[in-house]
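Have a look at the structure below, then the notes.
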Amino acid sequence: MSLSAIIVMLGSMVVLWGVANSALIVSMRRQERKLALIQSQGGFEPFSPRAFQDLQQWCDQHSDHANIAEVEALLQQQEEAMKAYPQRFY
Amino acid sequence: MTIKSQGGPGSSAEPTIAREQWGSRFGYLMAVVGAMVGAGNIWRMPYVTGENGGGAFLIAYFLLLYLIAVPGLMGETSLGRYTRQGLLGTFRQLFGRNRMVGLGLVILIFNIVLMSYYSSIVGWSLYYAFHALIGTFSQQDFDTAALWSAFNQNKLLNVGMHTLAMGIVSVILLFGIKGGIERMAKWMMPVLTIALVAIAIRGLTLPGAVAGLEFSFSPNWEYLMRGETWLAALGQALFSTGLGWGIALTYGSYLGRNDDIPLGGGIFTAVGNTSFGLLAVFAVFPIVFAFGISPTSGAELAFVALAKAFGGMSAGYLWSLLFFMGFLFANLTTAIAITEVGVTTYQEERQVPRQKAVLVMCAIIWVLGIPSALDSSILGYLDFVVGNWGLPLATFIIMLSIGWKFDARRLRLVSLNRGADMYVSWRWEPVVRYQIPLIMLGIMAYFLYSNLSTTPFKTLSGLVVLTLLIPGCMWWMRRHESSTSISTHWVEERS
């Protein structure tokens with residue numbers, strides 16, 4: 001088997017099997033963490049700090065947008081979760 | 001367990017039936033990857049890879065997978081999770097009660113037509129799994145070509161296998177999302193993985209097997225300059241991942257509000273699906289080359305060439321059983337997912353119990369699938385029309401609806417990044433808004449250009465059917481929506 005074929009084969013294994021298995025393991029572990037937080041304190045904050053920042057920025061820039069109420073409600077939900085749940089998921 | 005919904009923002013404004021949820025994260029991930037892994041991963045990807053420059057094709061494929069399939073699946077799944085409805089309910093939430101809901105009906109019809117002939121393929125794999133079980137292929141000098149030919153000519157048997165396939169799909173779906181789809185996927189997908197790994201290990205120990213790997217992986221760099229290579233990679237990346245057919249949307253609608261989507265519904269689904277394709281390369285082509293079989297794809301590869309090769313191997317009974325059972329599971333999990341799109345939508349639209357929705361939808365698909373079971377040329381024609389026009393159009397409609405009508409930015413902010421295991425930045429938005437719809441248009445234009453001279457009747461008739469289908473569905477849904485609206489007002493006034 002040629003060296004280039006070996007490199008492509010190994011690279012494909014890493015890019016596909018490596019990524020798929022890592023994604024599966026990380027996803028399962030994070031879900032376990034979420035469930036542990038729900039069991040210990042009743043919930044967790046739904047947005048990461050960056051996602052929360054995006055929501056805030058959007059609200060600041062679109063104060064008269066038709067969907068402002070929806071985004072504001074999400075911001076409020078996040079703030080309430082931050083107050084209610086001392087242990088953070090993100 | 002998945003995280004149960006607590007309502008709140010992003011909850012549907014439309015009344016919905018009390019909604020079941022996935023029972024576990026592993027179950028959802030297996031179900032969604034099982035939905036995408038089908039016959040194409042096993043009997044098409046190895047051949048397409050080898051024929052299009054091996055390693056060069058894989059590089060093009062990986063690029064397109066990460067640039068298009070992953071972001072597209074993220075969008076479709078998060079739209080389903082946001083609306084928590086099936087196809088028509090989702091389009092109604094996006095466009096309101098008007099004719100545009102007909103676009104959802106167009107996608108639903110593609111799914112039903114796709115399943116009507118895919119059921120025959122499930123039937124073939126059932127028939128071959130049965131033959132593997134009774135040891136047909138391990139007989140001395142067994143003629144697999146004769147078996148395939150006899151099977152094809154036996155119309156009654158084909159209808160019977162189609163009926164059995166739909167029967168199995170119905171029974172699984174009757175048990176619901178958690179008790180049926182998830183429970184099956186949780187053991188079928190690991191069994192498929194183990195089967196392919198075992199066959200790959202056995203195949204690699206055969207003399208001459210390395211030539212199969214050389215054929216598949218040896219990079220032929222000039223292929224990267226050919227448009228055909230990129231188109232083949234694009235076709236494999238899009239159609240193999242099932243992007244835009246409503247499957248990811250439907251499965252996503254059963255996720256909890258704080259469940260992750262980008263990592264599981266996006267990256268794992270797309271890359272995991274392709275990982276099975278890579279596993280098939282290892283499982284199939286070393287055996288094909290070790291037995292001096294001409295590399296090919298499709299039914300001939302699985303049912304004639306590989307069936308013969310397994311018979312020639314020591315412990316051939318075991319290898320043929322593993323392969324055909326794995327192949328059956330791959331097809332069955334896909335068939336379940338395609339049918340579930342119709343079941344979820346029918347249940348919501350007609351407000352009927354799930355059992356009734358399953359039986360009605362499976363009966364419709366069974367009746368529509370009889371012509372394909374009787375005549376393989378009908379199956380080929382439907383596959384041509386749905387594959388060339390239907391599925392790219394469905395993806396085009398869904399991506400445009402996400403990107404422009406719902407607004408990609410809004411979806412990213414309120415749904416995609418909610419409970420996410422990885423942050424999705426603004427760069428995702430132009431991919432959904434521009435990149436995927438434009439590529440879909442390009443694919444349809446290319447199919448028209450390349451098929452018009454070689455198969456003018458099939459190409460033009462498919463185009464005519466689609467051209468009539470869109471306004472027809474929009475007209476039908478406008479009538480349906482206005483009559484529903486009138487009857488709702490009447491009931492409200494009376495009460």
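What the table below lists for this structure:
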{"read-out": "Residue, nearest to B:ILE398 (Cα to Cα), within the range B:45-98, restricted to residues that are crowded, with 23+ Cβ neighbours inside 10 Å, aromatic (Phe, Trp, Tyr) and within 12 Å of chain A (Cβ to nearest Cβ)", "value": "B:TYR82"}
{"read-out": "Every residue from the range B:237-249 that is polar (S, T, N, Q) and touching a Leu at 6+ places or on another chain (Cβ under 7 Å)", "value": "B:THR241"}
{"read-out": "Some residue of the range B:412-420 being under 26 Å from B:SER78 (Cβ atoms), in contact with a Pro (Cβ under 8 Å, 6 or more places away or on another chain) and in a helix (DSSP H, G or I)", "value": "yes"}
{"read-out": "Count of residues meeting criterion [facing chain B (nearest Cβ under 10 Å) and charged (D, E, K, R)] in the range A:37-65", "value": "3"}
{"read-out": "Verdict on B:VAL424 being in a helix (DSSP H, G or I), within 14 Å of another protein chain (Cβ to nearest Cβ) and over 24 Å from the mean Cα position of the chain (by Cα)", "value": "no"}
{"read-out": "Some residue of the range A:35-49 being in contact with an Asp or Glu (Cβ under 6 Å, 6 or more places away or on another chain) and at negative phi", "value": "no"}
{"read-out": "Filter result (more than 10 Å from chain B (Cβ to nearest Cβ) and either hydroxyl-bearing (Ser, Thr, Tyr) or closer than 20 Å to B:LEU411 by Cβ (or both)) within the range A:67-82", "value": "A:ILE68"}
{"read-out": "Restricting the range B:388-421 to residues that are of a type in the set (A, V, I, L, M, F, W, C) and over 21 Å from the mean Cα position of the chain (by Cα), the residue that is farthest from the other protein chains (Cβ to nearest Cβ)", "value": "B:TRP404"}
{"read-out": "For B:VAL159: the one exception among (1) surrounded by fewer than 16 Cβ atoms within 10 Å (Cβ to Cβ); (2) under 24 Å from the mean Cα position of the chain (by Cα)", "value": "(1)"}
{"read-out": "Helices (runs of 4 or more DSSP H) enclosed by the range A:1-89 - at least 1 residues per element that are in contact with a Cys (Cβ under 8 Å, 6 or more places away or on another chain)", "value": "A:68-84"}
{"read-out": "So B:LEU231, is it within 13 Å of chain A (Cβ to nearest Cβ), part of a helix (DSSP H, G or I) and surrounded by fewer than 22 Cβ atoms within 10 Å (Cβ to Cβ)", "value": "no"}
{"read-out": "In the range B:278-309, residue farthest from the chain's Cα centre (by Cα) [restricted to those that are in a helix (DSSP H, G or I) and more than 28 Å from B:MET30 (Cα to Cα)]", "value": "B:ALA290"}
{"read-out": "Evaluation of B:ILE109 against (1) crowded, with 24+ Cβ neighbours inside 10 Å; (2) more than 14 Å from chain A (Cβ to nearest Cβ); (3) assigned to a helix (DSSP H, G or I) (one fails), failing number", "value": "(1)"}
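Conditions (1) among the acidic types (Asp, Glu); (2) modelled with pLDDT of 95 or more; (3) out of contact with any Gly (no Cβ under 9 Å at 6 or more places or on another chain), marked per residue:
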site: B:ILE287; (1), (2), (3): no, no, no
site: B:ALA290; (1), (2), (3): no, no, no
site: B:SER294; (1), (2), (3): no, no, yes
site: B:LEU301; (1), (2), (3): no, no, yes
site: B:VAL304; (1), (2), (3): no, no, yes
site: B:GLY312; (1), (2), (3): no, no, yes
site: B:LEU332; (1), (2), (3): no, yes, no
site: B:ILE338; (1), (2), (3): no, yes, no
site: B:CYS362; (1), (2), (3): no, yes, no
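Yes or no, residue by residue, for (1) touching a residue at least 12 places away in the same chain (Cβ under 8 Å); (2) part of a helix (DSSP H, G or I); (3) out of contact with any helix residue (DSSP H, G or I) (no Cβ under 9 Å at 6 or more places or on another chain); (4) over 10 Å from B:LEU73 (Cβ atoms):
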residue	(1), (2), (3), (4)
B:ALA237	yes, yes, no, yes
B:SER240	yes, yes, no, yes
B:GLY244	yes, no, no, no
B:TYR254	yes, no, no, yes
B:ASN258	yes, no, no, yes
B:LEU263	yes, yes, no, yes
B:PHE268	yes, yes, no, no
B:GLY272	yes, yes, no, yes
B:PHE276	yes, yes, no, yes
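The values are calculated or read from the model by the stated rules, or taken from the named source; none is laboratory data. Note that the structure is a prediction, hence the values are computed from the model and not measured. Every residue, glycine as well, gets a Cβ built from its backbone with ideal geometry; the counts of neighbours run over all protein chains shown.
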